1. Let me spell out the model: positive unit charges on the Cβ of Lys and Arg, negative unit charges on the Cβ of Asp and Glu, origin at the Cα centre of region 57-345. What dipole size does that give, in debye rounded to 20?
2. Simple spin-label model, 7 Å along Cα-to-Cβ: Glu261 to Glu49 in nm?
3. What is the fewest-to-most order of Leu157, Leu57, Leu69 by other Cβ atoms lying within 10 Å of their Cβ?
4. Between Leu346, Pro214, Ser101, whose Cα lies farthest towards the positive end of the dipole of the chain when Lys and Arg beta carbons carry +1 and Asp and Glu beta carbons carry -1, centred on the Cα centre?
5. How large is ³J(HN,Hα), in whole Hz, for each residue of region 25-41 in order, when computed from phi with the Karplus curve 6.51 cos²θ - 1.76 cosθ + 1.60 and θ = phi - 60°, using x for Gly and Pro?
6. What's log10 of I(q)/I(0) for the chain at q = 0.07, 0.12, 0.15 Å⁻¹, Debye sum over Cα points only, no solvent?
7. Roughly how far apart, in whole Å, are the Cα centres of region 233-308 and region 23-49?
8. Residue by residue through region 180-189, what is 3J(HN,Hα) from phi via Karplus (6.51 cos²θ - 1.76 cosθ + 1.60, θ = phi - 60°)? Round to whole Hz and write x for glycine and proline.
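Just so it is clear, none of the values below were taken in a lab; they were calculated from the coordinates. Here the structure is a predicted model, which is why all the values come from computation and not from measurement. Ideal geometry is used to build each Cβ from the backbone, glycine not excepted, and the neighbour counts take in all protein chains shown.
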Amino acid sequence: MLLVHRAPVVLPISAPPISDGAILTDAGFIVEVGSYAQLRGRGQVRDHEGAILLPALINCHAHLELSHLAVLGQRQPLQGDMTGWIGELLAARQHSADDGSSAGRLALDALHEQGVALVADIGNLPGSAKIGEGHPVAVHFFLEMLGFSQHSAANALARMQESQGDCTSHAPYSNHARLLVAAKQRANSRNRIFPIHVAESRAEIDLLLDGSGPLRSFIEERGFWDGSFVPPGCGAVTYLDRLGIIDDKTLCVHCVHVTDEEIALLAARQARVCLCPGSNRQLGVGRAPVEKMVRSGLVLGLGTDSLASNPQLSIWEEMRLLREDHPQLAPATVLAMATRGGAQCLAAGDSGELAPGRRADIIAAHAQGITAGKADDFLTNAGKNLRVRWVEEA
Ligand SMILES: [Zn+2]
């Protein structure tokens, strides 16, 4: 059935805002986007008074299986390095009989209520692939590999061979170089994206530069320092690039501690970057050089990370925090990260904008009296309390 969704403001993202706009849809797909005057009479009209219509949001990075550890993410923001938090997280997981799937499902429900259509979910438990089964939010699950020592890397390689689904590496400081390369090659052979935590904390860079810092002690204390790691003497992006891991299917998550040269390198390789302002703030790791990334033309998306490092999973809140951290960013740029940029990060070309042929994953944000010119400013400042409903789900 042809439907004409009409609203005072329509934000296609891929085109300028439209006053008294309309979206023509047919069986879960978008046929045309324009003014109501252009599309009236083409289908049954659904009036969305006082609303802004826009594409559903995309969460490029979460760990739903950590949702039962929300107590870790709801404390006062931490300061300094994040190794203390990693230790607490590992201990909490070890001592909990809960696999996080029930809380993960609830977290997914909350994402749906906020208008999120797609989430890239990272987990260490193979069973976590089931958290998103049958849920209205599309979940792209990646089984994450850990293995810094030669022995643990060999175990991870065996796990990866047994796995049927998509796999990924956790980070340069938790994966042996051999494991990093094998995981990336496996993803390439399946033509899948490869999300990886990159340059999240200063401690990661210290370890890579000369094998020093709090991560060195952390790894030694746990018995994974077997002498096989040779510090590459460079930053995380440069290290991964030397291993052949940075390309247009690599999604670099966080990228807080990157140099200007590394931003240029990421842009030259057409790598994707997922910003996590909320988690970065909670763990006290610093702010990513977002203005420089935007100027370099990098494809940027937004991720919440997990409830263990973020008080809430809300892409609306990530946009608000990003603008607070970087007041120079244009609101339209930030909104594009939460929608079209996210779709590009996750290679989901049928989502993230209102355009012919795209999925009709359309949301209505309650915004009485907001004009087309002010819509992206309003939405990116609204935060988690914004009222949203689904107009149509593909
Ligand atoms: Zn993460």
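1. 520
2. Those two pseudo-labels are separated by 6.2 nm.
3. Neighbour counts put them in this order, fewest first: Leu157, Leu69, Leu57.
4. Result: Leu346, furthest along the dipole toward the positive end.
5. Each residue of region 25-41 in turn: 10, 9, 6, x, 10, 8, 9, 7, 10, x, 7, 4, 4, 6, 9, 4, x Hz.
6. After summing over all Cα pairs, the log10 values are -0.31, -0.90, -1.34.
7. Answer, in whole Å: 38.
8. Karplus values, whole Hz, x for Gly and Pro: 4, 5, 5, 5, 5, 5, 5, 4, 4, 5.
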